[in-house]
Amino acid sequence: MDIEKRLALIKEVGEEIITEEELRALLETKKKPVAYDGFEPSGNVHIAQGLLRAINVNKMTKAGCKFYMLAADWHAWANNKLGGDLEKIRKAGDLLIETWKASGMDIKKVEFVRSSDLLASQTYWKTVMRVARANTLRRLVRCSQIMGRKEDETLSGSQIVYPCMQAADIFELKADITQLGMDQRKVNMLAREIGPKLGFWKPVVVSHHMLMGLQQPKTNATGVERAIDLKMSKSVPDSAIFMTDSEKEVERKIAKAYCPEKQAEENPVLEYCKYIVFERFKEMKIERPAKFGGNTSFSGYGELENAFVKGDLHPADLKQGTASCINELLEPVRKHFSKGRPKKLMEEVKGFGVTR
């Protein structure tokens, strides 16, 4: 695959790339650049972590990247997830890895690691300390949104260390590309600034889109803060589809989802179609009674959105078609967790509950 095709694939993933010129230079000089993404293990796994990540990671590996998926167990511990119980967090990390393996990710081209694995390196905590020494407390507090926190929240000492750990992850994994969500932008920019000062490098930041939650938006924030406000939340179960939700549960959640008629902007059901359905299906079929136009199908997202905005497709019909596609994509995951060790692990982690 030539440079232009590789670059085009990565641009499909990145809602923002800092910078595209640096990315092009990286692809020209390195045959297999290293990229990574990481998630805190904190309970059940929603489709942005499962289906959407599989889609994006597959594009990155197809573009020639070596990819690390990091189950950030120590980060979750620092952020007091699952009551700060590290053993529960590790089991939730196992669930996260099992889910990735069942979600359509090309696992032959991906290496799964835990932050606890990185601690075995003799240089890890030295790198954490070097990052901490190179930044002010105020700068680290401004990075608190990467943990799902706000700057005016009271943070524990471990949460202050968290951004330093995440920046250190980049250098310990030797990641040329940080391929995380827009909500992680601040710490990735911090790593770009301090990398050369510490004798490392300036990672390219490829920030992927954050899938909207299913409920109606409530604030008037803009930019990255708006994207964070709109995203799905594990602590609000009806705001997200989870990877092991039953067929009926998926249908119920999507049926009650925010989906204003003729409106494409900030419409979570259309987002599911754009970022998941049409990435995995060439055609989306809609079943409806003859008196409402009969069955129809769409061969691309643009065609679907145009019909919806014109009023040719009713929200109820869009929801039905979307739920059907999502259920088809989730069925292999449900089967994976229906027996044996995966089933036992899923049931155990579900029993932990969810912490903010």
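With respect to the conditions (1) out of contact with any Lys or Arg (no Cβ under 7 Å at 6 or more places or on another chain); (2) under 18 Å from Leu173 (Cα atoms); (3) surrounded by 23 or more Cβ atoms within 10 Å (Cβ to Cβ), Lys109 lacks only one, and its number is (3).
I'd like to know if region 6-18 contains one or more residues that are acidic (Asp, Glu), under 23 Å from Leu96 (Cα atoms) and outside any helix (DSSP H, G or I). No, region 6-18 contains no residue that is acidic (Asp, Glu), under 23 Å from Leu96 (Cα atoms) and outside any helix (DSSP H, G or I).
Scan Ala102, Ala120 and give me the residue that is surrounded by 18 or more Cβ atoms within 10 Å (Cβ to Cβ) and either free of Cβ contacts under 8 Å to residues at least 12 places away in the same chain or among the small types (Gly, Ala, Ser) (or both). Exactly one residue qualifies, and that residue is Ala102. Note on region 277-315: among residues that are touching a residue at least 40 places away in the same chain (Cβ under 8 Å) and in contact with a Ser or Thr (Cβ under 9 Å, 6 or more places away or on another chain), the one that is farthest from Pro332 (Cα to Cα) is Met284. The residues of region 321-346 that are free of Cβ contacts under 8 Å to residues at least 60 places away in the same chain and closer than 16 Å to Ile286 by Cα, listed by number, are Gly321, Ser324, Cys325, Glu328. Count of region 5-51 residues, restricted to those that are closer than 15 Å to Met105 by Cβ, of a type outside the set (Ser, Thr, Tyr) and touching a strand residue (DSSP E or B) at 6+ places or on another chain (Cβ under 8 Å), is 9. Residue count for region 102-137, restricted to those that are closer than 19 Å to Asp73 by Cβ and outside any helix (DSSP H, G or I): 8. All told, Ile170 falls short of being closer than 28 Å to Leu119 by Cα, modelled with pLDDT under 90 and either hydrophobic (A, V, I, L, M, F, W, C) or not assigned by TED's automatic domain parsing to the domain that holds Leu52 (or both).
The values are calculated or read from the model by the stated rules, or taken from the named source; none is laboratory data. Treat the numbers as computed from the prediction; the structure is a model and nothing was measured. For neighbour counting, all protein chains shown are included, and Cβ atoms are generated from backbone atoms with ideal geometry for every residue, glycine included.
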